[in-house]
Amino acid sequence: MPGFYADKQAAAPVRPEVLEAMLPFFSQDFGNPQSLHSAGQKASQALLKAREQLAGLINCRPDEIIFVSSGSEANNLALKGLALANQARGQRVVVSAIEHISVLRATRFLEKLGFKIAQVPVDGLGLVSPEKVAEVLTPDTVLVSVMMANSEVGTIEPVAEIARLCQSRGIIFHSDAVAAVGNIPVDVSALGVNALSLAADQFGGPKGAGALFLKKGTKITPLIDGGVQESNRRAGTENVPAIVGLGQAAELAAREMSEKSARLSRLRDRLIAGVLGRLDEVILTGHPVNRLPHHASFCVKYVEGEAMLLGLDINGIQVASGSACTSRSLRTSHVLTAMGLDPAVAQGSLVLTLLDETSDEQVDYFLENFPQVVKRLREMSPLYTKYLQEKKDVHG
Amino acid sequence: MYTDKVMEHFMHPRNVGTIPEADGVGEVGNPVCGDMMTFYIKVKDGRLEDVKFQTFGCGAAIAVSSLVSEMAKGKTLEEALKITNEQVAEELGGLPPHKMHCSNLGADALHKAIENYLSKMSGQQADKAGESNPAASQDEHFHCPFCDFILPENAQLCARCQVKLIRCEHCGEYNREGEETCGHCGAGLV
């Protein structure tokens with residue numbers, strides 16, 4: 001059994017070069033970057049290097065990077081920190097309906113403090129239209145946050161246009177680029193964003209390291225008060241090994257992105273065409289063209305996502321699903337709901353995110369197995385029986 | 001997450017299918033919530049001669065249906081009506097807390113099929129007596145966000161799956177206590 005791990009978004013192996021760069025900073029060069037002695041200075045130098053490596057990937061100044069613990073923390077810092085620090089301008093925050101839960105929950109927090117939140121709807125492909133954003137911008141809008149790419153359906157959003165729109169009205173614009181950075185080109189200067197979130201584990205780095213790009217001159221209120229780390233914007237002793245890993249992963253991503261993205265998007269397209277060609281009553285979720293190169297997502301009608309996930313796992317294939325049963329909260333993915341998908345169809349959600357080293361053989365293996373898994377589940381599904389009966393009734 | 005027994009039933013479910021001329025049919029759940037089960041029974045001399053099921057749902061839902069069908073087959077109607085959710089979960093070696101509602105659905109679907117048979121026998125309206133849920137006669141139904149049980153007005157606890165409930169002030173739908181936003185309309189819950 002060849003095995004096929006296709007849940008990169010949840011977790012991916014740390015690249016060997018990255019691990020190698022990290023290892024000395026656990027026990028050998030263990031110093032605290034804030035210490036003035038030589039051990040501390042060694043760690044401080046390592047942070048500086050990581051900052052430069054990441055700045056190179058997203059095209060910003062090294063001092064515009066705030067290292068944090070995760071993408072969720074970066075999003076919380078952006079939403080809460082930017083809204084609070086700039087509320088003199090107004091207390092209205094605009095986000096899209098398909099933002100990551102860390103963004104949406106942060107807006108809930110702001111709402112409790114008296115902020116007004118507007119959610120911009122998306123179309124059936126998961127696209128946020130700049131026109132729709134423009135419609136809800138008011139003079140008291142302080143912050144707009146729209147993600148760079150959606151992790152559940154892979155759609156890449158027109159962030160540059162939305163950023164321009166906000167810039168022209170003097171509104172702060174943040175983008176959650178966790179699913180994007182390291183996988184597609186993200187140039188913060190060209191995009192014109194004020195703030196942007198990213199996480200190392202999405203591009204070959206370790207868990208526990210993320211960053212918020214914050215454009216020089218943008219005011220932010222810290223979430224964690226304490227020491228002077230990250231220029232007083234994020235207290236707490238820095239996670240030096242993880243940050244070093246983030247930097248190393250960023251440097252590799254910058255170097256290899258175009259080649260890797262071309263290779264993965266070819267595999268992705270083969271996978272999508274293969275699934276749609278082999279199974280009836282399956283829809284591709286998200287944008288067919290403007291999508292992450294490593295991302296393929298579907299809704300398979302008449303079967304439930306968790307059951308597919310388990311059936312595939314037994315065959316050595318690991319994927320994700322946005323179905324209600326897959327989540328501990330037993331809620332259907334808010335992204336699929338916002339895209340207007342029939343809730344019953346959304347239960348058949350399946351999400352594949354390909355690792356860098358994914359091979360053609362693995363895609364073939366998936367295409368061999370998946371239709372059988374679906375067939376078995378459909379055979380025991382009352383909904384599929386009903387569908388076949390209705391089809392028979394219609395066509396005689 | 002699941003016990004070996006759950007996985008075994010999920011991989012090799014017993015009694016999958018339909019019974020064309022079934023003596024009783026019971027359907028519970030709905031696809032919007034992610035679980036739907038239909039049980040078919042054939043009764044002979046007061047015993048369940050045959051039990052078949054079809055399930056749309058997660059691994060736990062499929063395993064529960066399979067086990068319930070196995071437990072029920074050959075039993076008298078009285079015995080089968082005594083199969084409890086707790087027994088089902090126990091037989092499976094336990095289910096994760098957020099999957100307990102699946103065990104409720106399995107026993108309910110079986111019981112509904114038996115009630116459907118009994119009501120046919122006693123000449124009553126099948127849809128009336130076959131409905132095990134007394135609140136179902138209301139025109140406007142509110143469902144448990146967990147197990148889809150039809151809830152009465154001002155419920156604080158689902159009578160079937162024991163989930164604590166909070167009602168959305170905006171749309172009136174029930175949500176699980178502790179949720180911050182309504183799963184139906186997106187409004188904040190207080």
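Using only Cα atoms, tell me the angle between helix A:159-168 and the longest principal axis of chain A; keep it within 0 to 90° and round to the nearest 10. Taking Cα atoms only, the helix is inclined about 50 degrees.
Quick check: residue separation of A:Thr138 and A:Arg270 times 0.36 nm, minus the Cα distance between them. What number comes out in nm?
Numbers: separation 132, 0.36 × 132 = 47.52 nm, distance 4.43 nm.
Difference between extended and current length: 43.1 nm.
Could you tell me which of A:Gly56, A:Thr337, A:Ser197 has its Cα farthest along the dipole of the protein assembly as shown towards the positive end, charges placed at Cβ (Lys, Arg +1; Asp, Glu -1), taken about the Cα centre? Result: A:Gly56, furthest along the dipole toward the positive end.
Which listed residue (A:Ile184, A:Leu212, A:Gln167) has the Cα farthest towards the positive end of the charge dipole for segment A:16-253, taking +1 on Lys and Arg C-beta and -1 on Asp and Glu C-beta about the Cα centre? About the Cα centre, the residue reaching furthest to the positive side is A:Gln167. Rounded to the nearest whole Hz, the Karplus-based 3J(HN,Hα) values (6.51 cos²θ - 1.76 cosθ + 1.60, θ = phi - 60°) of segment B:91-99 follow the sequence 4, 7, x, x, 10, x, x, 7, 10, with x at glycine and proline.
Averaged over the residues of B:49-61, the number of partner chain Cβ atoms lying within 10 Å of the residue Cβ comes to 6. Each peptide in B:95-101, A:35-41, A:241-247 was scored by the mean count of other Cβ atoms within 10 Å over its residues; highest first, the order is A:241-247, B:95-101, A:35-41. Amide H contacts of B:Phe142 (H built 1.01 Å from N, in plane; Pro and chain starts excluded): B:Leu151 sit under 5 Å, all sequence-distant by 5 or more or on other chains. In straight-distance terms, cross-link reach from A:Lys207 covers every one of the aspartates and glutamates whose alpha-carbon lies under 13 Å from its own, apart from those fewer than eight places away in the same chain; here that gives A:Glu73. For segment A:179-191, putting each phi into the Karplus relation 6.51 cos²θ - 1.76 cosθ + 1.60 with θ = phi - 60° gives couplings of 6, 9, 4, x, 10, 9, x, 10, 10, 5, 5, 5, 6 Hz, in residue order, rounded to whole numbers and with x for Gly and Pro. Put a plus charge on the Cβ of each Lys and Arg, a minus charge on the Cβ of each Asp and Glu, and nothing anywhere else: the dipole of segment A:16-253 about its Cα centre is then about 800 debye.
What is the percent of Cα-Cα separations in segment A:2-161 that go past 30 Å? Percentage above 30 Å: 34. If you model segment A:50-144 as an ellipsoid using its alpha carbon gyration tensor, with each semi-axis the square root of five times an eigenvalue, the axes come out at 25, 18, 14 Å, biggest first. Computed from backbone phi, the HN-Hα couplings of segment A:54-62 come to 5, 4, x, 5, 9, 6, 9, 7, x Hz, rounded to whole numbers (Karplus: 6.51 cos²θ - 1.76 cosθ + 1.60, θ = phi - 60°; Gly and Pro given as x). Lone cysteines in chain A, going by a 4.7 Å Cβ-Cβ cut-off? Cysteines of chain A left without a disulfide-compatible partner: A:Cys60, A:Cys166, A:Cys299. For a straight C-alpha distance cut-off of 19 angstrom, the lysines reachable from A:Lys112 (same-chain residues fewer than eight places away being disregarded) are A:Lys80. Going 7 Å from the Cα of A:Ala190 toward and past its Cβ, which residues in segment A:21-63 have a backbone nitrogen under 15 Å from where you end up? Backbone N within reach: A:56-60. Considering all C-alpha pairs of the protein assembly as shown, those separated by over 30 Å amount to 58%. Directionally averaged projected area (segment B:4-132, Cα convex hull): 7.3 nm².
Every read-out reported here was derived from the displayed coordinates using simple, explicitly stated rules and does not represent laboratory data. These numbers come from a predicted model, not from an experiment. Note that each Cβ is placed from the backbone with ideal geometry, even for glycine, and that neighbours are counted across all protein chains shown.
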